[in-house]
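Asks: The structure follows.
The values are calculated or read from the model by the stated rules, or taken from the named source; none is laboratory data. The model shown is predicted, which means the values in this text are computed figures rather than measured ones. Glycine also receives a Cβ, built like all others from the backbone with ideal geometry; neighbour counts cover every protein chain displayed. Heavy atoms of the whole protein, side chains included, go into the accessibility calculation; ligands, DNA and RNA do not. Shrake-Rupley method; radii C 1.70, N 1.55, O 1.52, S 1.80 Å.
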Amino acid sequence: MVSPTKLTCYSGNTIACVGGAFQGCQIDTIIIQAGLVSISAGAFQNCSSLKKVVLPESTKMLSAACFAGCGNLEDINIPEGLTDLASRTAYGYRSYVFGGCSSLKTMIIPKGVTVLASGCFLDSGIEYVSIPSTCTSLNEDCLNAPNLKEVRLGVRDMSKLRYTESSFGDVSNAVLFVPHG
């Protein structure tokens, strides 16, 4: 059986991965049309050929591990309307939304996101991340990425941001930019 290399979804508001339907597929590009609200847990996990994902503005939630292990993922647009990066994971597991995405280098988190869930970018290739002023929590290992070089934090009042040392992992080579004042 030949796996598709491009996937376009035209209807429905959730991509569900019933029985691992897309896990491990040889998809290289995903373009999702307007109307999608969420992508379920593990939906595209371990799609090793996946390089590009285009999400519509209607996307509100990316669930746990939905793109985990997609080592060739280089380009994903995160719509301004997104509010949830797997903040509700089952049984205390890490979210691992982009965990192991070693080719993903840059991420600009939209203003609607208030929580970077545990393990969000764990062991990814992320080098640059911009976190909005609306963020209130950086959970454990959310930015534990070996290549992290720059974090731009939009939060002005650090007393309103919950984080721990384990939120960042080894940041010896990273620069943290915080707003003046």
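Asks: Report the gain in length on full extension from S137 to V178: 0.36 nm times residue separation, minus Cα-Cα distance, nm rounded to one decimal. Let's see the in-between values first.
Replies: Values: separation 41, 0.36 × 41 = 14.76 nm, distance 1.52 nm.
The span from S137 to V178 would gain 13.2 nm if fully extended.
Asks: While we're on this one: Over all directions, the average projected area of the alpha-carbon convex hull for segment 106-146 comes to how many nm²?
Replies: Details: hull surface 9.9 nm².
Value for segment 106-146: 2.5 nm².
Asks: Turning to a different aspect of this structure: Could you tell me what fraction of 2.2 N^0.38 Å the Cα radius of gyration of segment 15-75 comes to, as a two-decimal ratio? All intermediate terms of the calculation are to be shown ahead of the outcome.
Replies: Working: Rg = 10.6 Å, N = 61, 2.2 N^0.38 = 10.5 Å.
In units of the 2.2 N^0.38 Å rule of thumb, it is 1.01.
Asks: Still on this structure: Which value, in Å to one decimal place, does the Kirkwood hydrodynamic radius take for segment 42-142 when every pair of different Cα atoms is included?
Replies: Details: mean 1/r = 0.0762 Å⁻¹.
In segment 42-142 this quantity evaluates to 13.1 Å.
Asks: Among all the lysines, which ones have a C-alpha under 24 Å from K105's C-alpha, if same-chain residues fewer than 8 places away are not counted?
Replies: Within reach: K6, K51, K52, K60, K149.
Asks: Something else about it: Leaving ligands, DNA and RNA out of it, report the carbon-plus-sulfur percent of the accessible area of the chain at a 1.4 Å probe.
Replies: Working: 4640 of 8860 Å².
Carbon with sulfur: 52 percent of the solvent-accessible area.
Asks: Here's another thing I want to ask about it. Given Cα positions, please report Rg to Rh for the chain, the hydrodynamic radius being the Kirkwood one.
Replies: Details: Rg = 15.7 Å, Rh = 16.3 Å.
That ratio equals 0.97.
Asks: Got the relative contact order for segment 55-144 handy, in percent, Cα pairs under 8 Å and 6 or more residues apart?
Replies: Values: 239 pairs, mean separation 24.8, N = 90.
Taking the mean separation of contacting Cα pairs over the length of segment 55-144, I get 28 percent.
Asks: For segment 136-181, taking Cα atoms only, what is the radius of gyration to one decimal and the Dmax to the nearest whole Å?
Replies: In order Rg, Dmax, the Cα atoms of segment 136-181 give 10.6, 29 Å.
Asks: Additional query: I'd like the accessible area for D84: 1.4 Å probe, protein heavy atoms, all chains in place, Å² to the nearest 10.
Replies: Number for this one is 10 Å².
Asks: Less than 15 Å apart at the alpha-carbon level, and either on another chain or at least 8 residues along: which aspartates and glutamates does that give for K111?
Replies: Straight-distance partners of K111: E57, E80, D84.
Asks: Still on this structure, please answer the following. Taking 35 Å as R0, compute the FRET efficiency from the Cβ-Cβ separation of M158 and E74 and round it to 0.05. Each step should come with its number before you reach the end.
Replies: Values: r = 32 Å, r/R0 = 0.92.
After rounding to 0.05, the efficiency reads 0.60.
Asks: Right, another one. What figure, in Å² to the nearest 10, do you get for the accessible area of K111 with a 1.4 Å probe and non-protein molecules left out?
Replies: Rounded to the nearest 10, the figure is 140 Å².
Asks: Accessible area per residue of the chain at 1.4 Å probe, in Å²?
Replies: Working: 8860 Å² over 181 residues.
Value for the chain: 49 Å² per residue.
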